[in-house]
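Nothing in this text is a laboratory measurement; each read-out follows from the coordinates by a stated rule. Model, not experiment: these values are computed from the prediction. Note that each Cβ is placed from the backbone with ideal geometry, even for glycine, and that neighbours are counted across all protein chains shown.
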Amino acid sequence: MSDKPNKTLFISDLHLDTDTPDILQSLLAVLHDRASGADALYILGDLFEAWVGDDDQSDIADAVASALMSLSRAGTRVYLMHGNRDFLIGDDYAARCGATLLPDPTVVECYGQRVALAHGDSLCTRDTAYMAFRRQMRDPAWQQAFLDRPLLERHMVAQQMRQKSQDANSQKASDIMDVTHQEVINLLETLKVNILIHGHTHRPGIHTIRLHDAINGSDEAVRIVLGSWDQKAWVLEFSPEGYELKPLAHPQPAISVKPAKTAKA
Ligand SMILES: [Mn+2]
């Protein structure tokens, strides 16, 4: 253990679903090849494409929980933050993952640096329709009423909400779905940090921010945006020496062992 370099991993926006077995394989590969032996793994929201309650059993939820639990048992701390898709992940599922649920935003200490973590949707304030929707979804009374409904009904409501959101987003100008610059600065100032890591926007990158008013004596801050896993796996590796945002190719899909169908049997 001691000869392994210290590192902490950050990922988000895998959007795992039953029809994304390749992304699940990619996650399992990242956990095995990179997260194993790490100090901590932070999953900053939208691990799942949808989540209607911890009582909704699925193979993919089981596979993720057992892989994260193995990592956690081997000594890597595992943290989950809610995204706008999977904000109903509860304490039961987090416990099955050996993970700690984090509020959004959260400040953590990473090798001597104070780092703010957020999913990112709360920073997209120009999307006023979404912000109103978000307030409703995050209302504990609304959530409890939703969770009290039968599972089948919850799936139907979630499906309708996804369709609505897709239709609405296709009409929105792309810049309103990005973070609001001033909102980022407000958050950095409130939390008194110079580094923010978030996902959600699916615009991976590292942005240096010039501050008008210094924070912690520095007129610079950094915003690191994690990427969505639809094309590649995006992993931010943070170590005492620095950090690197890495796009990783998904593992090749397994070659089918089924014989090809012939025209005439
Ligand atoms: Mn999101």
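Is it possible to state the helix-based mean residue ellipticity at 222 nm for the chain, with each DSSP H run of 4+ residues giving -39500 (n - 2.57), the sum divided by total residues, to the nearest 500 deg cm²/dmol? What is it?
-9500 deg cm²/dmol
Go ahead and set up a Gaussian network model of the chain, Cα springs under 10 Å, then flag whichever of ALA74, ALA50, ALA233 fluctuates most.
ALA74
So which residue, out of SER12, SER174, SER66, gets the largest mean-square fluctuation from a GNM of the chain using Cα contacts under 10 Å as springs?
Of the options given, SER174 has the highest mean-square fluctuation.
For the chain, state the semi-axes of the equivalent ellipsoid (square roots of 5 times the eigenvalues of the alpha-carbon gyration tensor), sorted largest first and rounded to whole angstrom.
30, 25, 19
Cut-off 10 angstrom, C-alpha nodes, Gaussian network model of the chain. Which of SER122, SER58, SER26 fluctuates the most?
Most flexible of the set in this elastic network: SER58.
For the residue pair SER218 and ARG114, what label-to-label distance in nm results when each label sits 7 Å from Cα along the Cα-to-beta-carbon direction?
1.2
Please work out how much length the chain gains when fully extended from LEU211 to ALA249, using 0.36 nm per residue of separation minus the C-alpha to C-alpha distance, in nm with one decimal.
10.2 nm
Roughly speaking, what is the stretch gain from ARG126 to GLN182, that is 0.36 nm per residue apart minus the C-alpha to C-alpha distance, in nm to one decimal?
Length difference between fully extended and current span is 19.1 nm.
With the crude spin-label approximation of a point 7 Å out along Cα→Cβ, what separation in nm comes out for LEU151 versus SER66?
Reported label-point gap for LEU151 and SER66 is 1.8 nm.
Rounded to the nearest 0.05, what FRET efficiency is calculated for THR106 and ASP167 with R0 set to 45 Å and r the Cβ-Cβ distance?
0.90
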